[in-house]
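Below: the structure, in structure tokens.
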Amino acid sequence: MKATLSIIAALLITAPILANNAQEDQIKKMAEAAALKAAEGQQKTDKKQTRAELENRPAVLKKTGGFLDVAAVGVSVVVVDTREKPGIAADRFAEVFGDLSKTNIKIDKSKLSENEKPYAKALAALKANNAAYVILIAESGDCPGLCVMPEERIAVINAKRYLGGKDPLAPETRLIKEVWRALGFVGGIGYAPYKNDVLQPVYNLKELDALVYQVMQPMNFQKMYAQMAKFGVKRARHIPYKLAVMEGWAPQPTNEYQKAIWNEVRAAPKNPMKIQFDPKKGR
């Protein structure tokens, strides 16, 4: 960081000597941009350090007992890409949705076996992974682009319907959007009431390409979480030790802070509620 700032300072100081006015302005802009980028990088580093530092401060440990990381349980979504040459759509979706939802996502890039139908493969993946939802990408001739089967918790995307265009990246970008849209529809969210969401009505590739946002808004996830829970899916959590004690599943305390919280939460109340017998009511 110091070295970067030194270089920036040198650029600013030597600009008038090394260049005419136009070049000087350009160099100053470059230096200012470098300074801003360096500052942003430092802020990101500081934020990462701050969380750990805050959680380990004695005052915080006294109140919380520290924090526990609880792993996600179950599989929320399996994305099966059966194309002859699988692309990045499944990986991009899994990376973003996994990070935002804190759930387990699986990717399967195995091809369809001889005479195997996309729906049959999707159903097999659903059962094999005990997943909440399956989204399968296939190359299915003239079949519809997106088939959604909410009751079966399956969606099938026909990649051949998304080919074409001058931009070589367009087909895969369309599939990324469609994987998100498939999850939104099969997960019971439906169309979004706001524009900054991929869950908008589209009726052709031009309208699909015009969607600026490739993902659904995280606020929509809450509706899916309740459905996913029916199929054994639990999100990963980062929670205070005290909350775990209150919920009744905390591990045995390992330090003085946790022991104090353990004893406090599990202690019998000093003034327990008393229920007196009422002869008139007989209870």
Flag for V212 being surrounded by fewer than 14 Cβ atoms within 10 Å (Cβ to Cβ), among the hydrophobic types (A, V, I, L, M, F, W, C) and farther than 26 Å from L126 by Cβ
yes
Test: A120 is crowded, with 17+ Cβ neighbours inside 10 Å and at pLDDT 95 or above:
no
Could you look through the stretch 171-205, keep only residues that are among the hydrophobic types (A, V, I, L, M, F, W, C) and at pLDDT below 95, and pick out the one that is nearest to the chain's Cα centre (by Cα)?
I189
Q258 - would you say it is more than 21 Å from A89 (Cβ to Cβ), within 18 Å of the chain's Cα centre (by Cα) and either in a helix (DSSP H, G or I) or among the aromatic types (F, W, Y) (or both)?
no
Consider the stretch 228-251. How many of its residues are assigned to a helix (DSSP H, G or I) and out of contact with any strand residue (DSSP E or B) (no Cβ under 7 Å at 6 or more places or on another chain)?
6
Q222 in contact with a Phe, Trp or Tyr (Cβ under 8 Å, 6 or more places away or on another chain) and polar (S, T, N, Q)
no
By residue number, the members of the stretch 97-135 that are more than 23 Å from the chain's Cα centre (by Cα) and either assigned to a strand (DSSP E or B) or hydroxyl-bearing (S, T, Y) (or both) are S110, S113, Y119
Residue that is surrounded by fewer than 14 Cβ atoms within 10 Å (Cβ to Cβ) and either farther than 28 Å from E152 by Cα or not assigned by TED's automatic domain parsing to the domain that holds L136 (or both), where the choices are P272, P240:
P272
If you check K160 against the conditions, is it in contact with a Gly (Cβ under 7 Å, 6 or more places away or on another chain), at pLDDT 95 or above, farther than 16 Å from Q214 by Cα and not in a strand (DSSP E or B)?
yes
Could you check the stretch 230-239 and list, in sequence order, the residues that are at pLDDT 95 or above and of a type outside the set (D, E, K, R)?
F231, G232, V233, A236
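Here's the yes/no breakdown for (1) farther than 25 Å from L123 by Cβ; (2) surrounded by fewer than 18 Cβ atoms within 10 Å (Cβ to Cβ); (3) not charged (D, E, K, R):
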residue: A52; (1), (2), (3): yes, yes, yes
residue: N56; (1), (2), (3): yes, yes, yes
residue: A59; (1), (2), (3): yes, yes, yes
residue: K63; (1), (2), (3): yes, yes, no
residue: V77; (1), (2), (3): no, no, yes
residue: V80; (1), (2), (3): no, no, yes
residue: P86; (1), (2), (3): no, no, yes
residue: A90; (1), (2), (3): no, no, yes
residue: F97; (1), (2), (3): no, no, yes
Based on what the data block shows, is S140 more than 24 Å from F221 (Cβ to Cβ) and touching a strand residue (DSSP E or B) at 6+ places or on another chain (Cβ under 6 Å)?
yes
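Let's see how each residue does on (1) touching a helix residue (DSSP H, G or I) at 6+ places or on another chain (Cβ under 7 Å); (2) within 27 Å of V75 (Cβ to Cβ):
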{"position": "N158", "(1), (2)": "no, yes"}
{"position": "Q200", "(1), (2)": "no, no"}
{"position": "L208", "(1), (2)": "yes, no"}
{"position": "L211", "(1), (2)": "yes, no"}
{"position": "Q217", "(1), (2)": "no, yes"}
{"position": "Q222", "(1), (2)": "no, yes"}
{"position": "A226", "(1), (2)": "no, yes"}
Of the conditions (1) closer than 28 Å to Y203 by Cα; (2) of a type in the set (A, V, I, L, M, F, W, C); (3) under 24 Å from the mean Cα position of the chain (by Cα), V73 fails just one. Which one is it?
(1)
Just a yes or no: is a residue in the stretch 46-56 modelled with pLDDT of 90 or more, out of contact with any Cys (no Cβ under 9 Å at 6 or more places or on another chain) and assigned to a loop (DSSP other than H, G, I, E, B)?
no
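The values are calculated or read from the model by the stated rules, or taken from the named source; none is laboratory data. A quick note: this is a predicted structure, and the numbers were derived from the prediction, not measured. FYI the Cβ positions are ideal-geometry reconstructions off the backbone, even for glycines, and counts take in every protein chain you see.
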